[in-house]
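The values are calculated or read from the model by the stated rules, or taken from the named source; none is laboratory data. Only a predicted model underlies this, so the values are computations on that prediction, with no experimental measurement involved. For neighbour counting, all protein chains shown are included, and Cβ atoms are generated from backbone atoms with ideal geometry for every residue, glycine included.
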Amino acid sequence: MPPDGAEQVSVQSASFLDSLQRAWSSIEVQGTAFLMVISIGVGLITGLVAVLFIKAIGWITYISFDTGLPQFLAPLGSRWVLLVPVIGSLISGPMIAYWAMEAKGHGVPEVMQAIITEGGRIRPRVAVVKSLASSVCIGTGGSAGREGPIVQVGAALGSTFAQVIGLGRERTITLVACGAAAGIAATFNAPIAGVIFAMEVIVGEFTTHYFGMVVVSAVAASIVSRHFLGANPAFEVPTYTLVSPWELIPYAILGVLAALIGWSFVTVLYFLEDRFDPWSFPDALKPAIGAIPVGIIALRYPQALGTGLPAIEQALKGALPWTLLLVLIFAKLIATSFTLGSGNSGGIFSPSLFMGAMLGGTFGHWTHTLFPTITADTGAYALVGMASVFAAAAHAPLTAVLIVFEMSGDYRMILPLMITVGLSTLLSQFMRGYSIYTWKLVKRGIPLERDRDVDVMQGVTVGEVMTQQPEVLYADMSLEEMADVITHSRLNGFPVLDRDGRFVGVATIQDLERATAEGPIDGRTVAEIMQRNVLTVHPDDPLSKALRCMSDRDIGRLPVVDPQDPTRLVGFLRRRDVIRAYRHAILHKLENQHRDESLRLGHLTNTEIIEIPLSPGMPAVGRRIQDLHLPSQALITSIRRDDRIIIAHGETLLQPGDTVVALVQHGAEDGLRKALTGEG
């Protein structure tokens, strides 16, 4: 349960949005031209927030490592560095835990989840908490990047604009993509990469419908960023070229190594997250525990702290010894995994670039030492390695290539970049089908294919299809009684309860057969043969998650328990329930397809889709559509009735329990509601 303060802030936030929506209610949204203006506004504000965010990180870093904390912790000697990330986490951790848990981690998966499950709706306060918590985390040495926070902040700003104005799902997603692109453009002075990142990662598709808005938003953010931070590339990189065609061979090998590092990064990060998340320890303090290993690493390798951008530039110039480069790969991997895995706030973009630069520099040193006449200097491999490790982790090759181009200002390494990034992405996808962004969604039960939702079962929960009052066995029941139950019910497995009604395990016909094969069953009870440590699911879990559990463990049934009390059985999920669920899933899919088509029509005609449920006694119930006095600006498109979707026409008779789906122009919704429900 969220704390009272969080609930109060949520209510205030909702009231604020309602007030703004009423203020906008008299303004008619004028299609593409209006959205273009809004996307520019999103870009400008995101750019300004990015500038403030970067300045805040610099200021906090100065206080933490130059003046302030060093003097305060001077009695500890050189060990004072160990405490700085812990102190910062004691500030950022409570911010996240008590104000907005969505600000936890690296942010991009939360944006993607909001697009898939919430139509792009993100709570406004997420932008504030994410920027504050991330600036404290990074400024006090937390090993994380700036791009994840500012992407989430920009997306939240775009979503807030859409909610205030009252835009539909598709337009909201457009503004979310605009904010994400603006965040990357402003943070790295890379507008092209920002656009491609939004399309390739956030939206998951390239369409002209989104592209124009996203471009102008990224350009607006980049203009603001360049005005305040300068127009120079993020790194000053010496000129590198492909020395010989033979050099493509070591670059290809570098691509293989980059795939391994990218895969390792994702694996270690989520391994630690899976350990911290279920840990019965206050969420507000978990980041401080994760900061302890970061501080220990900082004692010997301070280059791994924060974003690591200065160390990247040194690697690009070939100014670091290969032994240090090699150690920093793993120091950064561990420090970032503990920072984000423990629940702190930051991004994975810069850490991926850091590990890639260190990997490339190490590999380039030995390649140039062995083949000095046909290979470039160490820095060239560091440059290519940056893009390769990020591409391997994020499965975003276009973004990886373009971000390196724009951050370095050097476009002459195109061939090495293409072959290395291509190989690292291909091998990474082979080793794990999901990226560092989408893997988190998969773990939450939102399966994706090429970053797009394709599972028709996704919208169905376990609670919708489970058997709610299953037949049960009791632990003290004899095996003869169990055999009688199986014979009369014709079921193969049952949940087992004790006499107090607490769930204690599962017993199946196979368990009974094994007991019978061992010898006489006289005097034996169900408790002796049942399975005690069984996998369970919750009613709110997506059915797709339950299906994967059943498939991975090769089991045909799952007990469904109360998430607050795992000893309280609330249902039982069998394979036959899953088969029946496909009927519900197909209905969900048809509804989504119908909604998407209606939204596309709405985009062309300045309308939006609404759904109005009908209850007994409402004026429209029992009447045909043609007999209703509907506003001329409203069109009823379909009726959802039980497990069917009915295409509406004049003769359609409305019934209690129907949900009317309609397209309305702005200002006509109240009239339609009054005609159908009697309430304006």
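Side notes on the structure shown:
- Long-range neighbours under 8 Å by Cβ, at least six apart or interchain, first residue at positive phi and in contact (Cβ under 8 Å) with a residue 60 or more places away in the chain within segment 151-180, second of a type in the set (Phe, Trp, Tyr) and surrounded by fewer than 23 Cβ atoms within 10 Å (Cβ to Cβ): Gly166/Trp24
- Check on Phe211, over 20 Å from the mean Cα position of the chain (by Cα), within 23 Å of Ala396 (Cβ to Cβ) and among the hydrophobic types (A, V, I, L, M, F, W, C): yes
A quick yes/no check of all residues on (1) surrounded by fewer than 20 Cβ atoms within 10 Å (Cβ to Cβ); (2) at pLDDT 80 or above:
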position	(1), (2)
Val456	yes, no
Gly459	yes, no
Met482	no, yes
Phe494	no, yes
Gly501	yes, yes
Thr516	yes, yes
Asn533	yes, yes
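- Matching option when the condition is more than 27 Å from Asp283 (Cβ to Cβ) and either at pLDDT 85 or above or assigned by TED's automatic domain parsing to the domain that holds Ile202 (or both), among Gly31, Gly105: Gly31
- Matching option when the condition is surrounded by fewer than 23 Cβ atoms within 10 Å (Cβ to Cβ) and in a loop (DSSP other than H, G, I, E, B), among Thr61, Thr117, Thr67: Thr67
Here is a yes/no grid of residues against (1) modelled with pLDDT of 80 or more; (2) in the same structural domain as Phe354 (by TED's automatic domain parsing); (3) part of a helix (DSSP H, G or I); (4) of a type in the set (Gly, Ala, Ser):
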{"position": "Thr375", "(1), (2), (3), (4)": "yes, yes, no, no"}
{"position": "Gly379", "(1), (2), (3), (4)": "yes, yes, yes, yes"}
{"position": "Ala382", "(1), (2), (3), (4)": "yes, yes, yes, yes"}
{"position": "Ala387", "(1), (2), (3), (4)": "yes, yes, yes, yes"}
{"position": "Ala391", "(1), (2), (3), (4)": "yes, yes, yes, yes"}
{"position": "Ala400", "(1), (2), (3), (4)": "yes, yes, yes, yes"}
{"position": "Ile419", "(1), (2), (3), (4)": "yes, yes, yes, no"}
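- Spans of helices (runs of 4 or more DSSP H) in segment 502-567 with at least 2 residues under 20 Å from Ser489 (Cβ atoms): 509-518, 526-529
- Criterion (within 22 Å of Phe188 (Cβ to Cβ), over 30 Å from the mean Cα position of the chain (by Cα) and crowded, with 24+ Cβ neighbours inside 10 Å) met by exactly one of Gly346, Gly361, Gly306: Gly361
- One residue stands out in segment 70-102 among those that are buried (at least 18 other Cβ atoms within 10 Å of the Cβ) and farther than 19 Å from Ile289 by Cα: the one that is modelled with the highest pLDDT, namely Trp99.
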